[in-house]
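A short write-up of the structure that comes next.
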Amino acid sequence: MERTAEFPHALYAAAGDVGLFRIDVPEEYGGIGRDHVLPLLAAERIARVSPAFAVTFANCADVLTPILAKADAEVARTIVPSVAAGALIPCISMSESTAGSDVGSMRARAVRVDGGYRITGRKMWCTNGSVGDVFVVFAKTDSDAGSRGITAFLVHKDTPGFERGRDEPLVGLRGNPTSELVFEEAFVPHSHRLGEEGEGFRIAMLTLDSARLNAAGMALGTATAALSFAHAYALERQQFGKPIFQHQGLQFLLAEMAAEVEMARSIWLKGLDALARNDAKEASAMASVAKLICTEMAVRVTTQSVQVMGANGLSKSNPVERLMRDSRTFEIFDGTPQIQKLLIARHLVRDGVPV
Ligand SMILES: Cc1cc2nc3c(=O)[nH]c(=O)nc-3n(C[C@H](O)[C@H](O)[C@H](O)COP(=O)(O)OP(=O)(O)OC[C@H]3O[C@@H](n4cnc5c(N)ncnc54)[C@H](O)[C@@H]3O)c2cc1C
């Protein structure tokens, strides 16, 4: 993926064959049962090898949240079993060139017509967009109602008037496309609306709560991998007559990195525990805390891992420079650190200081 920046269709199919996409899916849809925690644990592990493929995988679990919660049962039956088999790639699209953190300012609109809606607008940064088959798309059904005017829809890739646009080359996550989507009066039947008109923003926030724990976990996996490489290197590499690990200045750096990873992991696991107990309020608050702490930690720890390895850390013959570049992306999607702080402050106002 890193070398060609191409989507790994064969790997995706192989992941489908071993049942990776079934672990979050109810049995009635061909899965092994809805489990909110297991896919997050899997994504953290995959990120230790390939953050780019972890994002491709994790995005499927993220997209299933609104589909399973809000799709018409008949429509869900035509989509979810194929997603579980790895035969359909699902995507989610809120962002636009002028609407990032401020989701409510989106301009894409959905106009009611006989039998459904026509969607017009341009979306940006859609993960897996150029290879996606089915899209959860957010558009305004009432442009005067701010975030309360947003509605969610399911759009199939073959819908006339809908096109998957170009990919945006990024600093990291090569091979995991982020793409533009173009809608020109694309017709979506009533049955493909998710939830009620105006419910889209709430659906987006519901999706982002688990997505944030997913992003935090992938950042954690990325940092864990970088630390492992740096640690092994420091034990081997000799300078001034001994392994560099035995120079206290470097030893303390590695100790701090290990402590940061451990701290972040316990925060993330607290979020997963809340998710396992179905404590939606705590899971939501912890999702923002974990997203903030784990993603910022991953940028620091991967950067320090490059430092530990010197010139070899910068070389493409080692994976650490890739992990450093990949880690940068986790700070941006599913809400930046600044947005997580806004959300944490909101929880503080509403619920007080956690004890
Ligand atoms: C790899 C990747 C994958 C993505 N995948 C998807 C996807 O699948 N679907 C999708 O819909 N979107 C996706 N996105 C888009 C992503 O959600 C947005 O990039 C993100 O929400 C930030 O928006 P922005 O980039 O427009 O930055 P902006 O919102 O323009 O923010 C720019 C800067 O201003 C700061 N800022 C903004 N508002 C405030 C505020 N109120 N207070 C303080 N600081 C503020 C931000 O923190 C940031 O530092 C993806 C992005 C990336 C990089």
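Couple of notes before you dig in:
- The residues on offer are V136, V155, and the sole one that is among the β-branched types (V, I, T), in the same structural domain as R107 (by TED's automatic domain parsing), within 24 Å of F57 (Cα to Cα) and touching a His at 6+ places or on another chain (Cβ under 8 Å) is V155.
- Residue count for the stretch 233-252 under the criterion of being of a type outside the set (S, T, N, Q), assigned to a helix (DSSP H, G or I) and over 21 Å from D326 (Cα atoms): the result is 8.
- Residues in the stretch 142-163 that are buried (at least 20 other Cβ atoms within 10 Å of the Cβ) and in contact with a helix residue (DSSP H, G or I) (Cβ under 6 Å, 6 or more places away or on another chain): I150, T151, A152, F153, L154.
- All positions within the stretch 173-190 that are within 16 Å of the ligand (Cβ to nearest atom) and of a type in the set (A, V, I, L, M, F, W, C): L173, L181, V182, F183
- Among the residues of the stretch 307-344, just one is in contact with an Asp or Glu (Cβ under 8 Å, 6 or more places away or on another chain), part of a helix (DSSP H, G or I) and closer than 17 Å to A287 by Cα, namely P337.
- Among the residues making up the stretch 30-41, those that are more than 13 Å from the chain's Cα centre (by Cα) and in a helix (DSSP H, G or I) are L38, L41.
- Checked against (1) crowded, with 19+ Cβ neighbours inside 10 Å; (2) touching a strand residue (DSSP E or B) at 6+ places or on another chain (Cβ under 9 Å), G271 passes all but a single condition, namely (2).
- Some residue of the stretch 312-327 being of a type outside the set (D, E, K, R), assigned by TED's automatic domain parsing to the domain that holds A230, within 13 Å of the ligand (Cβ to nearest atom) and within 23 Å of L227 (Cβ to Cβ): yes
- Within the stretch 283-306, being without any contact (Cβ under 8 Å) to a residue 60 or more places away in the chain and out of contact with any Asp or Glu (no Cβ under 8 Å at 6 or more places or on another chain) holds for V289, L292, T303.
- Subset of the stretch 113-132 [within 15 Å of the ligand (Cβ to nearest atom) and of a type in the set (D, E, K, R)]: R122, K123
- Within the stretch 131-149, residues that are of a type in the set (F, W, Y) sit with their Cβ atoms under 7 Å from residues that are assigned to a loop (DSSP other than H, G, I, E, B) and within 12 Å of the ligand (Cβ to nearest atom), at 6+ positions apart or across chains, in these pairs: F138/M94; F138/M106.
- Filtered residue count, the stretch 100-128, keeping only those that are hydrophobic (A, V, I, L, M, F, W, C) and either modelled with pLDDT under 95 or within 18 Å of E199 (Cα to Cα) (or both): 6
- Residues located in the stretch 90-112, provided they are part of a loop (DSSP other than H, G, I, E, B) and either aliphatic (A, V, I, L, M) or within 10 Å of the ligand (Cβ to nearest atom) (or both): M94, S95, S97, T98, G100, S101, D102, M106, A108
- Restricting the stretch 245-268 to residues that are hydrophobic (A, V, I, L, M, F, W, C) and surrounded by fewer than 16 Cβ atoms within 10 Å (Cβ to Cβ), the residue that is farthest from H36 (Cα to Cα): F252
- Boolean, A58 is among the small types (G, A, S) and either more than 12 Å from the ligand (Cβ to nearest atom) or in contact with a helix residue (DSSP H, G or I) (Cβ under 6 Å, 6 or more places away or on another chain) (or both): yes
- Of all the criteria given as (1) within 16 Å of the ligand (Cβ to nearest atom); (2) surrounded by 13 or more Cβ atoms within 10 Å (Cβ to Cβ), the one not satisfied by Q307 is (1).
- Hey, F57 among the aromatic types (F, W, Y), touching a residue at least 60 places away in the same chain (Cβ under 8 Å) and either surrounded by 15 or more Cβ atoms within 10 Å (Cβ to Cβ) or in contact with a His (Cβ under 9 Å, 6 or more places away or on another chain) (or both) or not: no
The values are calculated or read from the model by the stated rules, or taken from the named source; none is laboratory data. Note that this is a predicted model, so its numbers are computed, not measured. Note: ideal-geometry Cβ built from the backbone for every residue, glycine included; neighbour counts use all protein chains shown.
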